[in-house]
Every structure is written in C-alpha cells, then in structure tokens.
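Working notes for the structure below.
The values are calculated or read from the model by the stated rules, or taken from the named source; none is laboratory data. A quick note: this is a predicted structure, and the numbers were derived from the prediction, not measured. Every residue, glycine among them, receives a Cβ derived from its backbone with ideal geometry; neighbour counts consider all protein chains shown. Surface accessibility is based on the protein's heavy atoms, side chains included, excluding ligands, DNA and RNA. Shrake-Rupley method; radii C 1.70, N 1.55, O 1.52, S 1.80 Å.
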Amino acid sequence: MHDSSGAPKNPAAAGVLVSAKALDVALPDMAAKPVFGRAPLIRIINGIDLDIARGSVLGIVGGSGSGKSTLGRALLRLIEPAAGTIEFDGLDITRLGEDALRPVRRRMQMIFQDPMSSLNPRRRVGAIIADPMQMHGFDRIDGRIDDALDHVGLPRGFRSRYPHELSGGQRQRVGIARAIALEPEFILADEIVSGLDVSSQAQVLNVLAGLVGELGLTLAFISHDLSVIRRICDQVMVLQRGSIVEYGDVDRVFDAPQAAYTRELLDAIPLPDPQQANW
Amino acid sequence: MSAFLTVGNLSAVLRGNRQRVLRSVSFSIDTGEVLGLVGESGAGKSMIGKAILGILPSAIEIIEGEIVLDGQDLQTMLPADRRRLIGATAALIPQDPLTALNPSRRIEPQITNRLVDILGWSKADARVRALELLNEVHIDNPERVMASYPHELSGGMRQRVLIASAFAANPKLVVADEPTTALDVTVQKQILRLIRDLQQRHATAMVFVTHDLGVVSKVCQRLSVLYGGKFVENASVPDFFAGPTHAYSRALLAATPKYTDPDASLVPVDEAVIEAVAAEVAAADEEWRHAR
Ligand SMILES: Nc1ncnc2c1ncn2[C@@H]1O[C@H](COP(=O)(O)OP(=O)(O)OP(=O)(O)O)[C@@H](O)[C@H]1O
Ligand SMILES: Nc1ncnc2c1ncn2[C@@H]1O[C@H](COP(=O)(O)OP(=O)(O)OP(=O)(O)O)[C@@H](O)[C@H]1O
Ligand SMILES: [Mg+2]
Ligand SMILES: [Mg+2]
C-alpha cells in the first residue's frame with residue numbers, strides 16, 4: 001500500500017493528527033563555535049515528510065545521532081524548524097509563538113528515556129502525576145491520579161511512594177501515567193524502554209499498546225532498536241543522518257526491507273538463537 | 001581444562017536488615033570459557049561480579065561460601081594479598097562507560113595506571129601496550145584517543161577504551177557487566193564481536209552479565225538464570241535455547257524481543273510464574289536457615 005520511501009500516500013480515513021512537510025531542522029554547532037559570536041548552524045533533519053493518522057503508532061528508528069530526538073522535539077514544537085511546515089490537527093503550528101501554542105501544548109505530551117532524571121526525586125508519585133494537571137487547571141485531580149495509575153497497571157497505593165522506591169519499569173509507567181493524565185491526543189515516547197530489562201520492556205510496551213487502543217491515542221515511538229518496534233507500531237520510519245531511508249507499514253518493512261541501512265539495523269539485532277547467521 | 005574460578009555456596013546479606021542478596025550461589029568457569037549471568041533488574045548479577053572482584057559496596061557482607069581464584073581462596077587471604085591477586089589476574093568491563101571513566105583526566109593514564117601501579121611496568125612500556133590494545137579494539141587513531149578526554153569520544157569509542165583497558169594486563173578472568181546495554185544495536189554488534197575475539201585469542205575466562213538472552217546466545221557457552229539472588233537454572237547455551245527447563249527461564253525467553261516471531265516475543269512475565277519462583281526462593285531460604 002505504501003512506497004518504500006516518502007510518506008504513506010493515503011493516511012487512514014480517520015484523518016491525520018500530526019503531519020510534517022519538507023521539514024528541515026538546524027541546530028547551533030557548538031564544536032565549530034568561534035570564541036566570540038554565534039555558533040554556525042548545522043542541518044540535523046533534512047526534508048522530512050510524514051503523516052501520523054489519528055489512533056495510529058509511528059515508529060521512528062535509526063542509529064545513535066541519526067536525528068530521532070531532534071525530529072520528535074520539532075514535531076512537538078520544542079524546537080522551531082528551519083524550513084517546512086508542521087500541522088497538528090489541521091492547525092499550522094510551524095511558527096506559532098508560545099502564547100498561541102499554549103492550548104495545543106496539553107494535547108501533545110512527551111515521555112522520556114530516563115525516568116529517574118525526569119521524575120522529581122523529592123516528590124511522591126501522586127504529586128508527580130498531579131503537578132502538570134494543576135498547571136493546566138484540571139478539576140477532580142485526586143480521582144484522575146487513581147485513573148491514571150489504574151491505566152498503567154500500578155497499585156493506587158503507589159501514590160505515596162518516592163521514585164527511588166520503584167523499579168525502572170515501574171518508574172517508566174509513572175512517566176506514562178503522568179502523560180496520559182493530561183488526556184493528550186498525541187504522545188511522543190523517546191527511547192522509553194531502552195534502559196529496561198526484558199521483562200519490564202515487555203510490560204511497558206504492553207501497557208502502551210493497551211492505552212493506544214483504550215484511549216484512542218496517537219503515538220510516535222522513538223527507538224534505536226527495531227526489535228521492539230514491531231510489537232506496537234503500525235508504520236515505521238527509518239532515519240539515517242537526518243533523512244528518511246525507508247518509511248512504510250511495519251510488516252512490509254520487517255518482511256521486505258528496501259534500504260540497505262534497514263537490513264543492517266535488522267541484522268545487528270541479536271536474536272536469542274545461537275545459530276543466527278552473520279554473527 | 002581446569003576451573004579458573006570456583007564460587008561455592010556464596011551467600012551475602014545487606015548489613016542493615018540481614019536479608020540475603022546472594023543465596024548459596026555456586027558455579028565454576030574454566031580457562032577460555034564464558035558464563036552468562038541473566039536475570040531481571042535487581043536479581044544480583046552485578047553483585048556476583050563485584051564479589052569476585054572484591055569490590056562489593058560496604059552495605060553488603062559475605063556471610064558464607066568460598067571464591068577460589070586461580071587456586072587461592074579469596075576469603076581466607078589477607079586483604080592486601082587478595083587485592084594484589086585480583087589486580088594481577090582479573091579485570092572488569094563496567095556497565096556505564098561514562099561514569100566508569102574519570103571525566104577530568106585524559107584517556108592515556110586511565111589505561112596505563114593499572115599496569116604501572118599494580119604490575120610495576122615502566123610508563124614507556126605501559127604506553128606501548130596501551131597503543132597496541134587500542135589498535136586491537138579497532139581504534140583508528142590511537143595517539144589522538146590517548147590524548148583525548150572522555151567527553152570528546154562517542155559512547156562506542158568510550159566502551160572500546162574500557163575494553164582495551166580491561167584486557168591491558170592480560171587478565172585470566174574478565175567480568176563484563178552489561179558492557180553493551182548503553183549502545184545502539186549496530187555498535188553493540190561490533191563491540192560484542194570485539195569482546196568475543198579478544199576473549200578467544202587470549203583464552204580468557206569470562207563472566208558476562210546481561211539481561212538480554214539474545215546477547216547470551218552470541219558470546220556465552222553456558223548460562224545461569226538468577227532470581228532474587230538465587231540460581232534457578234544452569235545450562236549449556238545450546239540446551240537452553242533448545243528449550244529451558246525452568247518455567248521462569250521460559251518466561252524470560254518469551255519476553256525477549258524477536259522481530260522474526262512477533263507473536264512469541266515481548267510477552268510480559270506472568271504473575272503466577274513470578275509467584276512460583278519467589279516461593280521457590282523462599283522455600284530454599286527456609287531450608288538454609290534450618291541447616292545453620
Ligand atoms: N543541542 C544540540 N546542538 C547541536 N547539535 C546537536 C544538539 N542536539 C543534537 N545534536 C546533534 O544532532 C544529531 C542528531 O541528534 P539526536 O539527538 O536527534 O539523535 P538521536 O537519533 O536521537 O540519537 P540517540 O539515539 O543517541 O538519542 C547528532 O549528530 C547530535 O550530535
Ligand atoms: N549499595 C547497595 N546497598 C544496598 N543494596 C544494594 C546496593 N546495591 C545493590 N543493592 C541491592 O542488591 C540487589 C542486587 O543488585 P544488583 O546490582 O546485583 O542487581 P543486578 O541484577 O545487577 O540488576 P541490574 O540489571 O539493574 O543492574 C538488589 O536488590 C539491589 O537493590
Ligand atoms: Mg535520542
Ligand atoms: Mg547490574
């Protein structure tokens with residue numbers, strides 16, 4: 001149904017929630033910064049076209065430094081792109097100022113790789129989930145904390161725990177609970193299972209997959225590891241040096257990868273099989 | 001072949017609550033052999049590696065059992081002799097390449113210090129050896145890397161430096177604690193091949209700590225599965241991947257991602273399996289307490 005590169009031609013009938021056209025992102029190159037004056041800009045993301053249909057999950061993969069996080073941050077308008085456009089639910093947000101962005105901000109949330117540094121160690125789980133809701137003026141906060149914990153499969157009693165009293169997988173589920181409590185439509189998950197052991201990885205991915213179905217979430221899931229993508233993504237985009245080398249339905253990309261770089265990423269995954277070829 | 005390292009009935013407790021974190025652990029490793037230690041976070045994998053290398057945190061105390069390294073029982077040695085023996089025969093490839101290197105020192109002394117301080121080499125000899133090793137781990141410009149600070153190197157480069165540094169003094173035993181967990185998959189593949197290559201060339205005995213059964217299948221000959229500081233299964237790699245015998249091992253294998261077989265992969269470990277293995281550990285604890 002889709003080309004091996006370029007955005008899918010016919011996003012689902014439900015409509016596109018997040019879309020980018022000819023997106024370029026440049027960042028200051030600190031290594032080349034003169035002693036006085038500004039660092040020159042260096043292009044990190046080149047001509048990205050993408051469409052994420054409402055209720056679908058897009059995987060963004062690539063090696064370290066390929067630009068995955070930079071692309072994700074641009075989609076959430078945490079960075080202003082150098083060129084191209086970004087639309088959220090039909091609204092062009094490419095150049096919106098912070099005031100105009102505010103109503104959109106709650107509708108798109110981010111979950112980070114390292115839950116230990118993104119959760120305040122001095123706040124209890126309940127407060128960690130409540131803080132952003134308070135900031136956005138939510139009511140019934142108490143009930144919403146319980147709902148969020150229920151959704152990620154943590155006991156309500158965990159409200160009174162501190163982050164260091166949780167395992168890595170549990171902390172990551174608190175990060176998810178905090179994001180979904182704001183009832184966002186779009187979530188960007190950046191390497192959220194990379195630091196976890198395999199059983200916690202499986203648990204967190206299952207929770208996330210369940211929430212996509214239950215809450216009708218739209219998700220962009222960033223990972224350097226293709227092996228966790230197939231479980232939850234509908235489509236996958238492979239990035240190399242800031243450009244798309246492959247973009248299509250997840251089964252097609254796994255079963256018949258077109259780009260040499262995609263095959264290289266697949267071959268590098270150590271399968272639990274002593275006989276695996278090319279190792 | 002003979003066992004280079006034998007650990008017998010090793011138990012360790014937290015000094016505070018006297019809870020066991022290692023529960024009567026026994027295994028041995030021959031020269032040139034790689035043993036994988038697998039288990040979920042907190043199972044005690046790193047603790048075993050630290051016990052062998054004599055670097056347990058002060059909160060942990062060994063209460064019984066033996067660690068025999070190259071024929072000598074570490075528990076009965078004077079601390080200074082023990083340090084010397086471990087320094088001369090064993091080395092660690094640590095979990096986190098960023099915190100394992102001193103950020104404010106250049107790479108050269110971080111590789112050569114062990115050779116100079118523990119083995120009494122001259123600085124010049126140590127430098128030659130370090131350059132040789134950086135070549136062995138396929139670093140293109142070893143002179144430049146020796147003069148660099150850690151933050152000037154990528155994650156993959158830093159991990160190569162640590163591998164070079166671990167093999168510098170020709171150790172007979174290497175403890176590799178999750179040496180590739182922080183790396184992306186293509187770099188991980190290079191580093192695993194490198195470790196396997198060095199280990200085979202130098203016939204090093206190795207303890208390889210990881211939570212990833214995919215990685216175990218690539219570098220180990222045998223593996224032990226840990227739960228709550230207790231070994232629940234010991235097997236050869238071919239036997240294990242043909243079909244693990246313990247229900248908990250089977251669950252770990254089913255949780256391991258396999259893009260070639262998505263339905264049999266990333267299955268969360270069932271609560272009932274956890275309860276059963278926890279009960280098994282508790283029963284063994286009960287028996288152990290009675291026997292004492
Ligand atoms: N703030 C910044 N200033 C300058 N360059 C940056 C900045 N952040 C990232 N880069 C560079 O942009 C490129 C892409 O980085 P990015 O973090 O997006 O990659 P990534 O694919 O997320 O990698 P990883 O898997 O390691 O997280 C890299 O070369 C990086 O060095
Ligand atoms: N310094 C310490 N003081 C007290 N308890 C500790 C300390 N370090 C570890 N522990 C506890 O000892 C147990 C074993 O920890 P260990 O670090 O060996 O786990 P691991 O299997 O290596 O896990 P991971 O995969 O997360 O590295 C855990 O329950 C842990 O909480
Ligand atoms: Mg990133
Ligand atoms: Mg560990």
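A few notes on this one:
- Subset of segment A:167-191 (residues that are farther than 16 Å from A:PHE138 by Cβ and either touching a Pro at 6+ places or on another chain (Cβ under 8 Å) or within 16 Å of ligand 2 (Cβ to nearest atom) (or both)): A:SER167, A:GLY168, A:GLY169, A:GLN170, A:ARG171, A:GLN172, A:VAL174, A:GLY175
- The residues of segment A:164-191 that are more than 20 Å from B:GLY39 (Cα to Cα) and part of a loop (DSSP other than H, G, I, E, B), listed by number, are A:ALA181, A:LEU182, A:GLU183, A:PRO184, A:GLU185, A:GLU191.
- Residues of segment A:52-70 classified as within 18 Å of A:ALA259 (Cβ to Cβ) and either under 10 Å from the mean Cα position of the chain (by Cα) or basic (Lys, Arg) (or both), total: 4
- Among the residues making up segment B:157-173, those that are open to solvent by 30 Å² or more (accessible area, probe 1.4 Å) and away from every other protein chain (no Cβ under 13 Å) are B:ARG160, B:ASN170, B:LYS172.
- The set of residues in segment A:242-274 that are among the β-branched types (Val, Ile, Thr) and either in contact with a Phe, Trp or Tyr (Cβ under 6 Å, 6 or more places away or on another chain) or more than 11 Å from chain B (Cβ to nearest Cβ) (or both) comprises A:ILE244, A:VAL245, A:THR262.
- Residues in segment A:188-208 that are surrounded by fewer than 24 Cβ atoms within 10 Å (Cβ to Cβ) and touching a residue at least 60 places away in the same chain (Cβ under 8 Å): A:ASP190, A:GLU191, A:SER194, A:GLY195.
- Of the residues making up segment B:133-147, those that are over 19 Å from B:ILE191 (Cβ atoms) and part of a helix (DSSP H, G or I) are B:GLU143, B:ARG144, B:MET146.
- Segment A:42-74, residues that are more than 14 Å from chain B (Cβ to nearest Cβ), near ligand 1 (Cβ under 9 Å from one of its atoms) and of a type outside the set (Ser, Thr, Tyr): A:ILE42, A:ILE44, A:ILE45, A:LEU71, A:GLY72, A:ARG73
- Number of the exception - A:LEU211 against (1) surrounded by fewer than 20 Cβ atoms within 10 Å (Cβ to Cβ); (2) closer than 29 Å to B:ILE195 by Cα; (3) more than 7 Å from chain B (Cβ to nearest Cβ): (2)
- Single residue of B:ALA203, B:ALA176 found to be open to solvent by 30 Å² or more (accessible area, probe 1.4 Å), aliphatic (A, V, I, L, M), at pLDDT 95 or above and over 21 Å from A:GLN201 (Cα atoms): B:ALA203
- Just one of the numbered conditions (1) surrounded by fewer than 24 Cβ atoms within 10 Å (Cβ to Cβ); (2) away from ligand 1 (no atom under 16 Å from the Cβ); (3) facing chain B (nearest Cβ under 10 Å) is not true of A:LEU182: (3).
- All conditions but one from (1) over 20 Å from A:ALA209 (Cα atoms); (2) touching a residue at least 24 places away in the same chain (Cβ under 8 Å) apply to A:PRO184; the one that does not is (1).
- For segment B:213-236, the count of residues that are open to solvent by 30 Å² or more (accessible area, probe 1.4 Å), in contact with a strand residue (DSSP E or B) (Cβ under 7 Å, 6 or more places away or on another chain) and closer than 30 Å to B:ASN135 by Cβ is nonzero.
- Where a residue in segment B:144-166 is in contact (Cβ under 8 Å) with a residue 40 or more places away in the chain and its partner, wherever it lies, is in a helix (DSSP H, G or I) and charged (D, E, K, R), with Cβ under 8 Å and at least six apart: B:MET146/B:GLU108; B:MET146/B:ARG127; B:ALA147/B:GLU108; B:PRO150/B:ARG158; B:ALA164/B:GLU136; B:SER165/B:ARG114
- Test for B:VAL145: is it modelled with pLDDT of 90 or more, away from ligand 3 (no atom under 16 Å from the Cβ) and among the aliphatic types (A, V, I, L, M): yes
- Per the listing A:GLN258, A:GLN240, the residue uniquely in contact (Cβ under 8 Å) with a residue 40 or more places away in the chain, farther than 30 Å from A:ARG178 by Cβ, in contact with a helix residue (DSSP H, G or I) (Cβ under 6 Å, 6 or more places away or on another chain) and open to solvent by 10 Å² or more (accessible area, probe 1.4 Å) is A:GLN240.
- Filtering segment B:22-66 to residues that are touching a Lys or Arg at 6+ places or on another chain (Cβ under 7 Å), within 7 Å of ligand 2 (Cβ to nearest atom) and not hydrophobic (A, V, I, L, M, F, W, C) leaves only B:GLY39.
- A single entry from A:THR85, A:THR94 fulfils the requirement of being open to solvent by less than 30 Å² (accessible area, probe 1.4 Å) and more than 16 Å from ligand 3 (Cβ to nearest atom): A:THR94.
- If you check A:GLN203, A:GLN258 for being modelled with pLDDT of 95 or more, away from ligand 4 (no atom under 16 Å from the Cβ) and not in a strand (DSSP E or B), only one passes: A:GLN258.
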